[in-house]
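K.L.:
My questions will all concern the structure given below.
The values are calculated or read from the model by the stated rules, or taken from the named source; none is laboratory data. Here the structure is a predicted model, which means the values were calculated and not measured. No Cβ is skipped: glycine too gets one built from the backbone with ideal geometry, and neighbour counts run over all protein chains shown. For the accessible areas, the whole protein counts, side chains as well, though only heavy atoms, and no ligand, DNA or RNA atoms are used. Shrake-Rupley method; radii C 1.70, N 1.55, O 1.52, S 1.80 Å.
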Amino acid sequence: MMENKKGFNITFYLLILPVLLWLIVLIVLPHIYLLISSFQGETDSGASFFTLEHYETFFKNKIYWLTFVNTAAYAIGITVLAFIVTFPVAFYLTKVISKKYASFLALLLLIPLWVGELVTVYGWMIILGDHGVINEFLIYIGLIDKPIEMLYTNFSMTIGLLYVSMLFMVVPIMSTLESLDDSLIEAASDLGASKWTIFTKIIIPYSMPGITSGGIIVFMLVIGDYVAPDILGGKSSLWFTEQIYNEFLSTLDWGQGAAFGFLLLMISSSIIWIALKLSGQKLERVGS
Amino acid sequence: MSKILEIKNLTKKFKDFTAVKKVSFDVDEGGFFSILGPSGCGKTTLLRMISGFIKESHGEIFIRGESMNGIPPEHRPVNIVFQSLALFPMMNVRENVAFGLKRQKLKKAEVDDRVADMLARVSLQGFEKKKVTELSGGQRQRVAIARSLVMKPSILLLDEPLGALDRKLREHMKIELKLLQKELGTTFIYITHDQSEALVMSDKVAVMNKGRFEQIDTPRNLYKNPKTAFVAGFVGESNRLELKDRDGDFITTKNGWRLEKQGLDFNPEVLYVRPEAFILAPTEDLTGINRFNVKIKTVLFDGSNTKVSAIESTSGAVILISLPQNAKFENLKEGDTVEVGINYDNLKCY
């Protein structure tokens, strides 16, 4: 028995080793390094010292924290939009059409993921540009005579972010809806509930764990995204990740960039925590 | 007694399959009506048409004389207890039972009163705040029934609600349901494939097969006088013997067993005999019976339900015979020969 137990232990450690390596080398160590450098200042002679200056910069300069507030507000908005857009899709795929077509259509949903974010974002440039598909079409049918400015605005940025993150909302919602027994809907209707009541009192509460986990993923993806805001956003739509990028690669102030990175992590995690508390959801249930 | 439900020529066709074929029946106010049939006979389709979840192809449904055709489920005065129970998992017991009443926009005090009263009737006081996922099978059952009954429906439809319970609990719930129905006086329409559930609880049972009603009768009549071969075979236990021919008042089985059966005016194909219809060692003065000898093959002991498998001496036909509830035949064993009698009336020919 001892030998068996030992054998189990070795297998167990072998299996957990890649996970531990991944976590420590790729996540924990870089973050510790960033955390340290966010508190480090540099004297003219190149010696480092402890300072809170980088964090003070964030709160003292309106431009920084306003950008953050703007980014967070957009991220929340896009998360809500993603829910509104994808819930009917998830419901249709799981409850309305037959299983046979559903899996094919779900596969279609995944296509944007295959080509990568950069390519999808360029795709939207082709669609939304001044000489893009939409403007050319509207001019052709005579509805407008000069192109509507859509590209490089908050609008195009929202569309792009929504498009690249939407899928991460559909999948968790679909998986909760799949386990929803149709007779629950029938029972509610039998007890006199209208379609709206069934939706708000039965379907939404039932799929809440899926909505919450989808919401967390979309919010985190959007708030931490760089490509879509950078390419599709205008000059007015400053995204907080662009600030971080600037500190690291333009001004080469790594300490400042690290502090911004940490602030992004902390504040966005807090927003999720508050949202979970407000909606009465628990993180443990969301995972299932 | 007034009719609460009248069904006229109800038919449901799916693409290339007719699930329910021209079914007509009435249900009396306050009755316990069961629809009994094997799986796939169309009984659930019939129930879902009454509740309004599927639209009939032809025919009419009247509840208290009002036509229900085209009326959606939420506006029909019927409620349904689902096979899966369909309790709302995100709500507690109280919220589940109050769900329907809240939809009627009743005052909170009235909702509370009716919910409390209904929970008391199904002995679930003190469980209001429990989550439905924390309840036992029997308790969940009672929540589902309470949730429907609190709506005071004209008719309560039950779709095999005892199917998921274990045997002991099912026996118990059978009696409890029957008592609850008597106490409340609500009309129950109960769907089952379990003949014992149907016979024990119902005032009337309809036996359904392949989309049609074979017979609608009281449980006793159904058992005593099955009108068709299907009913004779499906309801209760029977010996089934195929028949070869008839001459006058005599019938002969395929294996050559000749029995007297008076009053036949057709050539039957099959004979059904209940195991308890056989009389062991009939006295000399009994008339109107067939007498024959059997040799005991095996004794199938099952307490009060003990039977013997026996071979009829002239034909070799194997029949099941119930042992009477007394000590007289307690010592019957393999190889014994006994004289057996069977009344003409108890030979059911089709």
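K.L.:
Tell me, in nm to one decimal, what length is gained between B:Asp302 and B:Leu264 on full extension, where the rule is 0.36 nm per residue of separation less the Cα-Cα distance?
P.N.:
Separation in residues times 0.36 nm, less the Cα-Cα distance, equals 10.1 nm.
K.L.:
Using a probe radius of 1.4 Å on heavy atoms only, what accessible surface per residue do you get for the protein assembly as shown? Whole Å² is fine.
P.N.:
53
K.L.:
Ignoring ligands, DNA and RNA, please state the percent of accessible area on the stretch A:62-287 from carbon and sulfur, probe 1.4 Å.
P.N.:
Carbon and sulfur together cover 71 percent of it.
K.L.:
In the Gaussian network model of chain B, springs joining C-alpha atoms below 10 Å, which of B:Phe17, B:Phe62, B:Phe278 carries the largest mean-square fluctuation?
P.N.:
Its mean-square fluctuation being the largest, the pick is B:Phe17.
K.L.:
Please state the shape class of the stretch B:237-349: rounded when a/c is under 1.5, otherwise prolate if a/b exceeds b/c and oblate if not, all from the C-alpha gyration tensor.
P.N.:
prolate
K.L.:
Once the Cα gyration tensor of chain B is diagonalised, what are the square roots of 5 times its eigenvalues, in whole Å and ordered largest first, as equivalent ellipsoid semi-axes?
P.N.:
Sorted largest first and rounded, they come to 46, 25, 15 Å.
K.L.:
Would you calculate, for chain A, the mean residue ellipticity at 222 nm contributed by helices, counting each DSSP H stretch of 4 or more residues as -39,500 (n - 2.57) and dividing by all residues, to the nearest 500?
P.N.:
Result for chain A, helices only: -22500 deg cm²/dmol.
K.L.:
In degrees, nearest 10, range 0 to 90: what is the angle between the Cα axis of helix B:108-121 and the longest Cα principal axis of chain B?
P.N.:
That works out to roughly 20 degrees.
K.L.:
Right, here's the next one. Go ahead and set up a Gaussian network model of chain B, Cα springs under 10 Å, then flag whichever of B:Gly137, B:Gly263, B:Gly40 fluctuates most.
P.N.:
B:Gly263
K.L.:
Once fully extended, how much extra length lies between A:Ile97 and A:Asp44, figured as 0.36 nm per residue of separation less the alpha-carbon to alpha-carbon distance?
P.N.:
Extra length from A:Ile97 to A:Asp44 when fully extended: 12.3 nm.
K.L.:
With θ set to phi - 60°, apply the Karplus curve 6.51 cos²θ - 1.76 cosθ + 1.60 along the stretch A:12-25 and write out the HN-Hα couplings as whole Hz, x wherever there is a Gly or Pro.
P.N.:
Going residue by residue, I get 4, 5, 4, 6, 7, 4, x, 5, 4, 4, 4, 4, 6, 6 Hz, with x marking Gly and Pro.
K.L.:
What is the sum of charges, Lys and Arg at +1 and Asp and Glu at -1, for the other residues whose Cβ falls under 11 Å from the Cβ of B:Pro38?
P.N.:
For residues surrounding B:Pro38, the net value is +1.
K.L.:
Summed for both chains, how many Å² of accessible area, to the nearest 100, are buried between A and B with a 1.4 Å probe?
P.N.:
Rounded to the nearest hundred, the buried surface is 1600 Å².
K.L.:
Under Stokes-Einstein, with the Kirkwood radius over Cα pairs standing in for Rh, what whole-number D in µm²/s applies to chain A at 20 °C and 1.002 mPa s?
P.N.:
Value of D from the Cα-based Kirkwood radius: 95 µm²/s.
K.L.:
May I ask for the angle, rounded to the nearest 10°, between helix B:93-103 and the longest principal axis of chain B, with both axes built from Cα atoms and the value confined to 0 to 90°?
P.N.:
70
K.L.:
Could you grab the relative contact order for chain A? Cα pairs under 8 Å, six or more apart, rounded to a whole percent.
P.N.:
Computed value for chain A: 25 percent relative contact order.
K.L.:
On the accessible surface of the stretch B:237-349, probed at 1.4 Å, how many percent belong to carbon and sulfur atoms?
P.N.:
46
K.L.:
Provide, in order from the shortest bin, the percent of all Cα-Cα pairs of the protein assembly as shown in each 20 Å bin, continuing until the bin that contains the maximum pair distance.
P.N.:
With 20 Å bins starting at 0, P(r) equals 14, 31, 27, 18, 8, 2, 0.
K.L.:
Using a 1.4 Å probe and counting only protein heavy atoms, arrange A:Ile274, B:Ile311 so the residue with the most accessible area comes first.
P.N.:
A:Ile274, B:Ile311
K.L.:
Averaging sequence separations of C-alpha pairs under 8 Å and six or more residues apart, then dividing by the length of the stretch A:27-179, give the relative contact order as a whole percent.
P.N.:
25 percent.
K.L.:
Below 8 Å, C-alpha to C-alpha, sequence gap of six or more: please give me the relative contact order for chain B in percent.
P.N.:
Relative contact order, chain B: 15 percent.
K.L.:
Counting helices only, and only those DSSP H runs with n ≥ 4, report the 222 nm mean residue ellipticity of chain B as the sum of -39,500 (n - 2.57) divided by its residues, in deg cm²/dmol to the nearest 500.
P.N.:
-7000 deg cm²/dmol
K.L.:
Do you know the Lys pair count in chain A for C-alpha distances under 24 Å, with sequence separation 8 or more or different chains?
P.N.:
Taking chain A as the scope, the lysine pair count is 8.
K.L.:
Bin by bin, in steps of 10 Å, what percent of the Cα pairs in the stretch B:61-130 do you find, going until the bin that has the longest distance?
P.N.:
17, 41, 31, 11, 0
K.L.:
How much length would be gained if the chain were fully extended between B:Glu339 and B:Lys168, taking 0.36 nm per residue of separation minus their Cα-Cα distance, in nm to one decimal?
P.N.:
The span from B:Glu339 to B:Lys168 would gain 57.8 nm if fully extended.
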